[in-house]
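Data first, discussion second: the structure below is written as structure tokens.
The values are calculated or read from the model by the stated rules, or taken from the named source; none is laboratory data. Note that this is a predicted model, so its numbers are computed, not measured. Counting neighbours? That spans all protein chains shown, and the Cβs are built from the backbone with ideal geometry, glycine included. Side chains included, ligands, DNA and RNA excluded: accessible areas come from the protein's heavy atoms. Shrake-Rupley method; radii C 1.70, N 1.55, O 1.52, S 1.80 Å.
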Amino acid sequence: MDKKYINKIIKGDCIKELHKLPEKSVDLIFADPPYNLQLRGDLIRPNQTKVNAVNDEWDKFSSFDEYDKFTYSWLKECKRVLKKDGAIWVIGSYHNIFRVGKIMQDLGLWILNDVIWIKTNPMPNFRGTRFNNAQETLIWASKNQKSKFTFHYKTMKAFNDDKQMRSDWYIPICNGGERIKINGEKAHSTQKPEALLFRIILSTSSAGDIILDPFMGSGTTGAVAKKLGRNYIGNKFYNKIIWIQSLFKLNVHPIFAMS
Ligand SMILES: C[S@@+](CC[C@H](N)C(=O)[O-])C[C@H]1O[C@@H](n2cnc3c(N)ncnc32)[C@H](O)[C@@H]1O
């Protein structure tokens, strides 16, 4: 991998930018793509206050077909840049994860696990019309069926009171001091908790590895990669305020490096 990309955030559309990266150059990918939430109208709490829901332009697609084409394009580039023993994680919700999983399999990525992130503090279903949606799904897949992917089984077991780490992870959503805010408002609508990335990066990459995030948003993947002694390449749409916040977040020093 060309050094100019290491520990950098690339500005621009990830499909175009991924295309410029050399093939077989990345050890691990974490992707948190648009979910195509298809929200219609405002969401109001029982006390008549408006919920700060995900209503960003980047999450809007005109049809499932358009979403599938977009998903196919970035996943195809991700597969191309992965090393032969590389692996990818993709996170999503019921809105998109089934479509994403099908496209991953169509591309020959080999699914290793689906991990359920159970939110210990989910947002309630304010209208009371459905179950409280308290989970997201992460698909972990290797580049192909033959890849000798990285998995630090013993590290994960030690991390889990000496019991085999399971595929249901109980982690709170990102809030409190971890949530980046500007004038009291969330800086990014879908900032992921560092604890989630910590588990992913620790279990499926090694010190010095190159970790790519095509949808880096507020910079969570880069920040955790750096803390764990890995290298990152992030890609994001340019937004000056979020950009400054991301750089601030990425100005961290490694706390330890494990292989
Ligand atoms: C679901 S968010 C990722 C949040 C991130 N994981 C975090 O913890 O902050 C998706 C991000 O991808 C960006 N995005 C959407 N489409 C993109 C594209 N085609 N190329 C690059 N970035 C894109 C959005 O601006 C948004 O910041």
Just to check your reading of the model, which residue among Lys24, Lys4, Lys16, Lys84 is open to solvent by 70 Å² or more (accessible area, probe 1.4 Å), of a type outside the set (Phe, Trp, Tyr) and within 13 Å of the ligand (Cβ to nearest atom)? Lys16
Of everything in the range 204-218, what is more than 7 Å from the ligand (Cβ to nearest atom) and over 14 Å from Ile91 (Cβ atoms)? Give them in sequence order. Ser205, Ser206, Ala207, Gly208, Asp209, Ile210, Ile211, Leu212
List, please: which pairs have Cβ atoms under 6 Å, are six or more places apart or on different chains, and start with a residue in the range 208-219 that is under 16 Å from Lys83 (Cβ atoms) and end with one that is open to solvent by 20 Å² or more (accessible area, probe 1.4 Å) and of a type in the set (Asp, Glu)? Asp209/Asp27; Ile210/Asp27
Have a look at Trp117, Trp89 and point out the one that is surrounded by 15 or more Cβ atoms within 10 Å (Cβ to Cβ), under 29 Å from His19 (Cβ atoms) and at pLDDT 95 or above. Trp89
Checking the conditions here, which among Thr137, Thr150 is of a type outside the set (Lys, Arg), in contact (Cβ under 8 Å) with a residue 40 or more places away in the chain and within 29 Å of Ile44 (Cβ to Cβ)? Thr137
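Can you name every residue in the range 131-158 that is among the aliphatic types (A, V, I, L, M) and in contact with a Ser or Thr (Cβ under 6 Å, 6 or more places away or on another chain)?
Met156
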When residues of the range 41-64 are limited to those that are more than 16 Å from the ligand (Cβ to nearest atom) and under 27 Å from Cys14 (Cα atoms), the one most open to solvent (accessible area, probe 1.4 Å): Phe64
